[in-house]
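Undergrad: Starting off with a structure, shown below.
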Amino acid sequence: GQQLNQSPQSMFIQEGEDVSMNCTSSSIFNTWLWYKQDPGEGPVLLIALYKAGELTSNGRLTAQFGITRKDSFLNISASIPSDVGIYFCAGQPPGGYQKVTFGIGTKLQVIP
Amino acid sequence: DTGVSQNPRHKITKRGQNVTFRCDPISEHNRLYWYRQTLGQGPEFLTYFQNEAQLEKSRLLSDRFSAERPKGSFSTLEIQRTEQGDSAMYLCASSLSLAGDTDTQYFGPGTRLTVL
(Lines give C-alpha, C1' and ligand atoms only; values in the text may rest on other atoms or scores of the structure.)
Protein backbone atom coordinates (compact mmCIF):
# COMPACT_ATOMS: atom_id res chain seq x y z
CA GLY A 1 0.00 0.00 0.00
CA GLN A 2 0.92 3.63 -0.11
CA GLN A 3 3.45 4.97 2.33
CA LEU A 4 3.95 8.58 3.19
CA ASN A 5 7.23 9.89 4.50
CA GLN A 6 6.78 13.17 6.33
CA SER A 7 9.67 15.26 7.54
CA PRO A 8 10.85 16.59 9.81
CA GLN A 9 9.11 14.69 12.58
CA SER A 10 9.58 17.57 15.00
CA MET A 11 10.97 21.05 15.00
CA PHE A 12 11.59 23.90 17.40
CA ILE A 13 11.61 27.39 15.93
CA GLN A 14 11.71 30.96 17.15
CA GLU A 15 8.58 33.04 16.84
CA GLY A 16 8.69 34.97 13.57
CA GLU A 17 10.70 32.36 11.68
CA ASP A 18 9.45 30.59 8.59
CA VAL A 19 8.80 26.85 8.63
CA SER A 20 8.88 24.24 5.93
CA MET A 21 7.78 20.61 6.04
CA ASN A 22 7.26 18.07 3.30
CA CYS A 23 5.82 14.71 2.39
CA THR A 24 6.80 12.15 -0.19
CA SER A 25 4.82 9.17 -1.34
CA SER A 26 5.80 5.82 -2.81
CA SER A 27 3.08 6.24 -5.46
CA ILE A 28 1.06 9.00 -7.04
CA PHE A 29 -1.79 10.85 -5.43
CA ASN A 30 -4.66 12.78 -6.99
CA THR A 31 -5.16 14.96 -3.93
CA TRP A 32 -2.85 16.25 -1.23
CA LEU A 33 -4.26 17.55 2.03
CA TRP A 34 -2.62 19.31 4.94
CA TYR A 35 -4.19 19.14 8.41
CA LYS A 36 -3.29 20.58 11.81
CA GLN A 37 -4.14 18.74 15.00
CA ASP A 38 -4.14 20.17 18.51
CA PRO A 39 -3.87 17.84 21.52
CA GLY A 40 -7.10 15.97 22.20
CA GLU A 41 -8.79 17.30 19.07
CA GLY A 42 -9.44 16.05 15.56
CA PRO A 43 -7.40 17.19 12.55
CA VAL A 44 -8.46 20.50 11.05
CA LEU A 45 -8.12 20.93 7.30
CA LEU A 46 -5.69 23.71 6.35
CA ILE A 47 -5.17 23.37 2.62
CA ALA A 48 -6.39 20.99 -0.08
CA LEU A 49 -4.51 20.56 -3.38
CA TYR A 50 -6.10 18.94 -6.41
CA LYS A 51 -3.72 19.40 -9.36
CA ALA A 52 -0.06 18.63 -9.94
CA GLY A 53 1.95 21.84 -9.69
CA GLU A 54 -0.82 23.67 -7.82
CA LEU A 55 0.36 26.27 -5.32
CA THR A 56 -2.25 27.39 -2.79
CA SER A 57 -2.13 29.83 0.09
CA ASN A 58 -4.27 30.18 3.19
CA GLY A 59 -3.12 33.23 5.11
CA ARG A 60 0.47 32.60 6.25
CA LEU A 61 0.32 29.02 4.96
CA THR A 62 1.38 27.99 1.49
CA ALA A 63 1.32 24.45 0.11
CA GLN A 64 2.28 22.95 -3.22
CA PHE A 65 1.31 19.76 -5.02
CA GLY A 66 4.52 18.35 -6.50
CA ILE A 67 4.75 18.02 -10.25
CA THR A 68 5.53 14.28 -9.97
CA ARG A 69 2.31 13.86 -7.90
CA LYS A 70 4.40 12.05 -5.31
CA ASP A 71 5.24 14.94 -3.02
CA SER A 72 3.94 18.07 -1.36
CA PHE A 73 5.28 20.74 0.95
CA LEU A 74 3.77 23.15 3.45
CA ASN A 75 5.34 26.46 4.39
CA ILE A 76 4.35 28.63 7.32
CA SER A 77 5.65 32.17 7.25
CA ALA A 78 6.29 34.40 10.26
CA SER A 79 5.36 31.75 12.82
CA ILE A 80 3.37 32.70 15.93
CA PRO A 81 2.81 30.78 19.19
CA SER A 82 -0.62 29.49 18.11
CA ASP A 83 1.01 27.64 15.21
CA VAL A 84 2.09 25.03 17.76
CA GLY A 85 0.62 21.63 17.00
CA ILE A 86 1.04 18.57 14.84
CA TYR A 87 0.81 19.00 11.09
CA PHE A 88 -0.22 16.04 8.98
CA CYS A 89 0.03 15.59 5.27
CA ALA A 90 -2.48 13.25 3.70
CA GLY A 91 -3.06 11.96 0.22
CA GLN A 92 -5.77 10.34 -1.82
CA PRO A 93 -4.84 7.90 -4.61
CA PRO A 94 -6.40 7.88 -8.08
CA GLY A 95 -9.87 6.37 -7.96
CA GLY A 96 -9.65 5.89 -4.20
CA TYR A 97 -10.76 9.22 -2.87
CA GLN A 98 -12.27 7.60 0.15
CA LYS A 99 -9.00 6.14 1.36
CA VAL A 100 -6.90 8.92 2.79
CA THR A 101 -3.38 7.95 3.82
CA PHE A 102 -1.78 10.11 6.51
CA GLY A 103 1.84 10.89 7.20
CA ILE A 104 3.27 10.45 10.68
CA GLY A 105 3.02 14.15 11.43
CA THR A 106 5.40 17.05 12.10
CA LYS A 107 5.30 18.34 15.66
CA LEU A 108 5.93 22.07 15.64
CA GLN A 109 6.94 24.01 18.71
CA VAL A 110 7.32 27.79 18.60
CA ILE A 111 9.54 29.53 21.11
CA PRO A 112 8.21 33.00 21.95
CA ASP B 1 -22.14 24.57 15.04
CA THR B 2 -22.30 22.81 11.67
CA GLY B 3 -19.12 20.73 11.97
CA VAL B 4 -18.74 17.00 12.56
CA SER B 5 -19.63 16.06 16.14
CA GLN B 6 -18.71 12.95 18.09
CA ASN B 7 -19.95 11.54 21.38
CA PRO B 8 -18.71 10.79 23.87
CA ARG B 9 -15.44 12.74 23.79
CA HIS B 10 -13.86 10.36 26.29
CA LYS B 11 -14.65 6.79 27.29
CA ILE B 12 -12.94 4.68 29.91
CA THR B 13 -13.94 1.04 30.04
CA LYS B 14 -12.77 -2.25 31.43
CA ARG B 15 -11.35 -4.94 29.22
CA GLY B 16 -14.09 -7.19 27.89
CA GLN B 17 -16.82 -4.55 27.92
CA ASN B 18 -18.64 -3.32 24.82
CA VAL B 19 -18.53 0.35 23.83
CA THR B 20 -20.41 2.38 21.23
CA PHE B 21 -19.46 5.72 19.76
CA ARG B 22 -21.61 8.09 17.75
CA CYS B 23 -20.73 10.44 14.91
CA ASP B 24 -22.95 13.15 13.45
CA PRO B 25 -21.54 14.31 10.11
CA ILE B 26 -21.87 17.71 8.50
CA SER B 27 -25.42 18.06 7.27
CA GLU B 28 -25.91 16.80 3.68
CA HIS B 29 -22.51 15.12 3.53
CA ASN B 30 -23.05 11.78 1.85
CA ARG B 31 -19.80 10.10 2.90
CA LEU B 32 -18.79 9.23 6.44
CA TYR B 33 -15.49 7.73 7.55
CA TRP B 34 -14.06 6.19 10.69
CA TYR B 35 -10.36 6.36 11.53
CA ARG B 36 -8.27 5.23 14.47
CA GLN B 37 -5.30 7.19 15.76
CA THR B 38 -2.76 5.97 18.28
CA LEU B 39 -0.22 8.16 20.05
CA GLY B 40 2.47 9.51 17.77
CA GLN B 41 0.82 8.29 14.59
CA GLY B 42 -1.41 9.70 11.91
CA PRO B 43 -5.03 8.55 11.62
CA GLU B 44 -5.55 5.13 10.02
CA PHE B 45 -8.57 4.40 7.86
CA LEU B 46 -11.08 1.91 9.29
CA THR B 47 -14.20 2.09 7.16
CA TYR B 48 -16.45 4.38 5.17
CA PHE B 49 -20.08 4.79 4.17
CA GLN B 50 -21.66 6.29 1.13
CA ASN B 51 -25.10 7.25 2.40
CA GLU B 52 -26.21 4.16 4.37
CA ALA B 53 -24.03 1.66 2.50
CA GLN B 54 -20.76 0.53 4.07
CA LEU B 55 -18.50 0.33 1.04
CA GLU B 56 -15.08 -0.47 2.37
CA LYS B 57 -13.52 -1.89 5.50
CA SER B 58 -9.87 -1.93 6.42
CA ARG B 59 -8.14 -5.08 7.58
CA LEU B 60 -7.64 -3.14 10.82
CA LEU B 61 -11.36 -3.57 11.46
CA SER B 62 -11.52 -6.91 13.26
CA ASP B 63 -14.76 -8.81 13.68
CA ARG B 64 -15.16 -7.23 17.12
CA PHE B 65 -15.76 -3.91 15.40
CA SER B 66 -19.00 -3.02 13.67
CA ALA B 67 -20.16 0.24 12.18
CA GLU B 68 -23.58 1.31 11.01
CA ARG B 69 -25.16 4.29 9.35
CA PRO B 70 -28.81 3.22 9.31
CA LYS B 71 -30.44 6.27 7.74
CA GLY B 72 -27.49 7.73 5.94
CA SER B 73 -27.05 10.44 8.55
CA PHE B 74 -25.37 9.66 11.89
CA SER B 75 -23.15 6.62 12.37
CA THR B 76 -22.22 4.38 15.27
CA LEU B 77 -19.04 2.40 15.82
CA GLU B 78 -19.28 -0.47 18.28
CA ILE B 79 -16.38 -2.41 19.73
CA GLN B 80 -17.25 -5.67 21.42
CA ARG B 81 -15.13 -7.38 24.07
CA THR B 82 -12.70 -4.49 24.22
CA GLU B 83 -8.98 -5.18 24.56
CA GLN B 84 -6.24 -2.91 25.86
CA GLY B 85 -4.93 -2.61 22.33
CA ASP B 86 -8.17 -0.90 21.34
CA SER B 87 -7.15 2.17 23.35
CA ALA B 88 -6.89 4.98 20.83
CA MET B 89 -8.58 8.10 19.50
CA TYR B 90 -11.45 7.19 17.18
CA LEU B 91 -12.04 9.88 14.60
CA CYS B 92 -15.00 10.42 12.34
CA ALA B 93 -14.89 12.45 9.14
CA SER B 94 -17.44 13.38 6.53
CA SER B 95 -17.40 14.67 2.98
CA LEU B 96 -19.69 15.68 0.17
CA SER B 97 -18.66 13.58 -2.79
CA LEU B 98 -20.22 14.06 -6.17
CA ALA B 99 -19.54 11.88 -9.23
CA GLY B 100 -16.11 12.56 -10.65
CA ASP B 101 -15.35 15.08 -7.93
CA THR B 102 -12.67 15.15 -5.32
CA ASP B 103 -13.44 14.20 -1.77
CA THR B 104 -12.27 16.56 0.96
CA GLN B 105 -12.82 15.10 4.40
CA TYR B 106 -13.62 17.13 7.50
CA PHE B 107 -12.91 15.61 10.88
CA GLY B 108 -14.74 15.61 14.17
CA PRO B 109 -13.04 16.11 17.54
CA GLY B 110 -12.69 12.37 18.16
CA THR B 111 -13.55 9.97 20.97
CA ARG B 112 -10.65 9.02 23.20
CA LEU B 113 -11.05 5.38 24.34
CA THR B 114 -9.07 4.01 27.26
CA VAL B 115 -9.38 0.30 28.00
CA LEU B 116 -8.19 -0.66 31.48
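Undergrad: Rounded to the nearest 5, what % of the DSSP beta bridges within the protein assembly as shown are antiparallel ones?
TA: Of all bridge pairs located within the protein assembly as shown, approximately 90 percent are antiparallel.
Undergrad: Show me, for the range B:8-22, the HN-Hα J-couplings you get by feeding each phi into the Karplus relation (A = 6.51, B = -1.76, C = 1.60, θ = phi - 60°), rounded to Hz, glycine and proline as x.
TA: Here the 3J(HN,Hα) series is x, 7, 9, 9, 10, 9, 8, 3, x, 7, 9, 9, 9, 10, 10 Hz.
Undergrad: Here is a follow-up. If you count only protein heavy atoms with a 1.4 Å probe, what accessible area per residue comes out for chain B, rounded to a whole Å²? Mind dumping the intermediate values first?
TA: Details: 5900 Å² over 116 residues.
Result: 51 Å² per residue.
Undergrad: Next up: What do you get for chymotrypsin sites (Phe, Trp or Tyr not before Pro) in the range A:11-112 restricted to DSSP loop and a cutoff of at most 16 other Cβ within 10 Å of the site's Cβ? If you can, show how the numbers build up before the last one.
TA: Values: sites: A:PHE12, A:PHE29, A:TRP32, A:TRP34, A:TYR35, A:TYR50, A:PHE65, A:PHE73, A:TYR87, A:PHE88, A:TYR97, A:PHE102; in loops: A:PHE29, A:TYR50, A:TYR97.
Here the chymotrypsin sites (Phe, Trp or Tyr not before Pro) that fit, given the DSSP loop and packing criteria, are A:TYR50.
Undergrad: Let me ask you something else. So which trypsin sites (Lys or Arg not before Pro) in the range A:11-75 end up in coil per DSSP with only 14 or fewer other C-beta atoms within 10 Å?
TA: Passing both the DSSP loop test and the Cβ count: A:LYS51, A:ARG60.
Undergrad: What is the spread of the Cα atoms of chain A along each of their three principal axes, largest first, in whole Å?
TA: 43, 28, 19
Undergrad: Compute the FRET efficiency between B:ASN51 and A:MET11 as 1/(1 + (r/R0)^6), taking r as their Cβ-Cβ distance and R0 = 41 Å, and round to the nearest 0.05.
TA: With R0 = 41 Å, the Cβ-Cβ based efficiency is 0.50.
Undergrad: Still on this structure, I have one more. With a 1.4 Å probe and all protein chains left in place, how much accessible area per residue does the range A:14-112 have, in Å²?
TA: 42 Å²
Undergrad: To continue, here is another question. Pairs on different chains or at least eight residues apart, Cα atoms closer than 23 Å: how many lysine pairs in the protein assembly as shown fit?
TA: 11
Undergrad: If you wrap a convex hull around the alpha carbons of the protein assembly as shown, what volume per residue comes out, as a whole number of Å³? Each step should come with its number before you reach the end.
TA: Details: hull volume 27.9 nm³, N = 228.
Measuring per residue, one finds 123 Å³ for the Cα hull of the protein assembly as shown.
Undergrad: In whole percent, how big is the carbon plus sulfur part of the accessible area of chain B, probe 1.4 Å, protein atoms only?
TA: That fraction is 46 percent.
Undergrad: Loop only per DSSP, at most 10 neighbouring Cβ atoms within 10 Å: give me the GluC sites (Glu not before Pro) in the range B:12-77, ordered by residue number.
TA: Sparse-neighbourhood loop GluC sites (Glu not before Pro): B:GLU28.
Undergrad: Taking both sides together, what accessible area is buried at the B/A interface, probe 1.4 Å, expressed in Å² and rounded to the nearest 100?
TA: 1700 Å²
Undergrad: To the nearest 20 debye, what charge dipole does chain A have about its Cα centre, counting +1 at the Cβ of each Lys and Arg and -1 at the Cβ of each Asp and Glu?
TA: Dipole magnitude for chain A comes out near 440 debye.
Undergrad: How large is ³J(HN,Hα), in whole Hz, for each residue of the range B:54-61 in order, when computed from phi with the Karplus curve 6.51 cos²θ - 1.76 cosθ + 1.60 and θ = phi - 60°, using x for Gly and Pro?
TA: After applying 6.51 cos²θ - 1.76 cosθ + 1.60, I find 7, 9, 8, 10, 6, 5, 5, 8 Hz.
The values are calculated or read from the model by the stated rules, or taken from the named source; none is laboratory data. Fair warning: this is a prediction, and the values are worked out from it, not measured in the lab. Note: ideal-geometry Cβ built from the backbone for every residue, glycine included; neighbour counts use all protein chains shown. These accessible areas exclude ligands, DNA and RNA; they are computed on the full protein's heavy atoms, side chains included. Shrake-Rupley method; radii C 1.70, N 1.55, O 1.52, S 1.80 Å.
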